[in-house]
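What follows is a single structure, written as structure tokens, with notes after it.
The values are calculated or read from the model by the stated rules, or taken from the named source; none is laboratory data. Note that the coordinates shown come from a computational prediction; the quantities given were computed from them, not determined experimentally. As a convention, Cβ positions derive from the backbone with ideal geometry for all residues, glycine included, and neighbour counts pool all protein chains shown.
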Amino acid sequence: MTDFAYRALDPSGRRVRGRLQATDLADLELRLRDLDLDLLHGKPVGTSPWARRQGPVSRRELIKLCFHLEQFLRAGVPILESLNDLRDSIHHPPFRQVITDTLHSIEGGLTLSEALACHPRVFDPVFCNLIRAGELSGCLPEILDTLSTALKREDELTSHSRRLAIYPAIVITVILAALGVALLFVVPELARLFHSTGRPLPWQTRQLIAVAGLLADYGWLLAITLPACALAARTALHRHAALRLRFDAALLRLPIVGPILNKIILARFTGLFAMMYAAGITIIDALKAAEGVVGNSALRQGLQQVGQAIQDGRQVSEAFLAVDLFPPLVTRMLRVGESTGAIDTALSNVSYFYDRDVREAVERLQASIEPILTLVLGALLLVVMSAILTPVYDIITHMPL
């Protein structure tokens, strides 16, 4: 398969551009025709790491897929007709192409789970394993309904994570921008005025003028150094597993944000683990599939240790208890689940508890961040204004009448 860049016409006559994988131009034309597009021009493009690649499909598109496919299957519509109708209702071209490829794979003899596994950037191992479990058990509509619910919960957890960072980031950016404008344009002009009077300046004013001078002389170096350091840190974390492990473990130990991040990850893990176990997937396979979705290398290593302990013959609750990363609530509920034979129900209760706790913790944190940031902004403005207004007041009071 080769990447092709193409220009085509949609049903309304509007020209569209994009990229698709095809074997040749004839195959590209057939694939575009499945998307209701008429090929105008196409050419193969390079596959270098710097080439533009299509991003993964959004979680909302996957939720729509699960919901509509579940409704079609419950109504008795065959899988091929269900996917064909679903493809016609999708307006996202890359996802439409994925559904088209899935249709072709099923027509070629693959099962739905095998066809979906051909697109690992869209459907992760958890998704494919659950679909495979639904096919084997004959409960595919129920599995799709469970997947839709889990994806909605995952979307809510992701929104909680973003809310933790968006508001402080916006306020800090505005504060830094305002200080930068003041130091680069306002303070130098006032410094000339102060020096022209010949009067001694207060300590805070001298320090403010010195900072403004440093920013004017070396601001370009700061603008280059900060992005370079951020890029170097990101590259180092991506390439060195041990460094990433220490970094992720440190994130979980942060004073205020760490416990919330830990609860978000545990809510995601317990919900997925309970869903896979209820679908008939073995504990070892469920743990391996969950390793890729926790999003934290420290907890991922903990899950690997848990899986190894279970393979060595230890009980599930004992294996989790031996790893210090999991709180007592998880191990206690696992022990209850083992004694009652309902581990999935126990973990579902844990997931529900963490979902609610995360929501309340994020709301409390946001409510406390707003006055804290207001106080910090007020303190910065007070320092700057005192450094500026003190010499201005001194000049005015000593002016001859």
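Filtering region 128-143 to residues that are in contact (Cβ under 8 Å) with a residue 24 or more places away in the chain, buried (at least 18 other Cβ atoms within 10 Å of the Cβ) and either under 18 Å from ALA286 (Cβ atoms) or among the small types (Gly, Ala, Ser) (or both) leaves ASN129, LEU130, ALA133, GLY134, ILE143. Check region 132-140 and report whether any residue there is out of contact with any Gly (no Cβ under 7 Å at 6 or more places or on another chain) and not in a helix (DSSP H, G or I). Taking every residue of region 132-140 in turn, at least one turns out to be out of contact with any Gly (no Cβ under 7 Å at 6 or more places or on another chain) and not in a helix (DSSP H, G or I).
Considering only region 308-331, state which residues are more than 19 Å from ASN296 (Cβ to Cβ), in contact with a helix residue (DSSP H, G or I) (Cβ under 8 Å, 6 or more places away or on another chain) and not polar (S, T, N, Q). Write out each step before concluding.
Taking region 308-331 first, the residues more than 19 Å from ASN296 (Cβ to Cβ) are 309-318, 321, 328.
Next, from what is left, pick out any that are in contact with a helix residue (DSSP H, G or I) (Cβ under 8 Å, 6 or more places away or on another chain): 309-311, 315-318, 321.
Matches in region 308-331: ALA309, ILE310, VAL316, GLU318, LEU321.
Please tell me if ALA212 is in contact (Cβ under 8 Å) with a residue 60 or more places away in the chain and either in the same structural domain as HIS92 (by TED's automatic domain parsing) or surrounded by 19 or more Cβ atoms within 10 Å (Cβ to Cβ) (or both). When the stated conditions are applied, ALA212 does not pass them. For region 75-92, a tally of residues being in contact with a Leu (Cβ under 9 Å, 6 or more places away or on another chain) and surrounded by fewer than 18 Cβ atoms within 10 Å (Cβ to Cβ) returns 2.
Every test in (1) outside any loop (DSSP other than H, G, I, E, B); (2) surrounded by fewer than 19 Cβ atoms within 10 Å (Cβ to Cβ) is passed by ARG199 save one, and that test is (1). Among the residues of region 193-238, write down those that are more than 19 Å from LEU176 (Cα to Cα) and among the charged types (D, E, K, R). Across region 193-238, the qualifying residues are ARG199, ARG206, ARG234. Scanning region 276-292 for residues that are in contact with a Leu (Cβ under 6 Å, 6 or more places away or on another chain) and either assigned to a loop (DSSP other than H, G, I, E, B) or more than 20 Å from MET333 (Cβ to Cβ) (or both) yields ALA279, GLU291.
Go through region 110-128 and report how many residues are more than 16 Å from LEU65 (Cα to Cα), in a helix (DSSP H, G or I) and at pLDDT 85 or above. Total meeting the criteria: 1. Between PHE273, PHE269, the distinction of being more than 17 Å from the chain's Cα centre (by Cα), surrounded by 12 or more Cβ atoms within 10 Å (Cβ to Cβ), assigned to a helix (DSSP H, G or I) and among the aromatic types (Phe, Trp, Tyr) belongs to PHE273 only.
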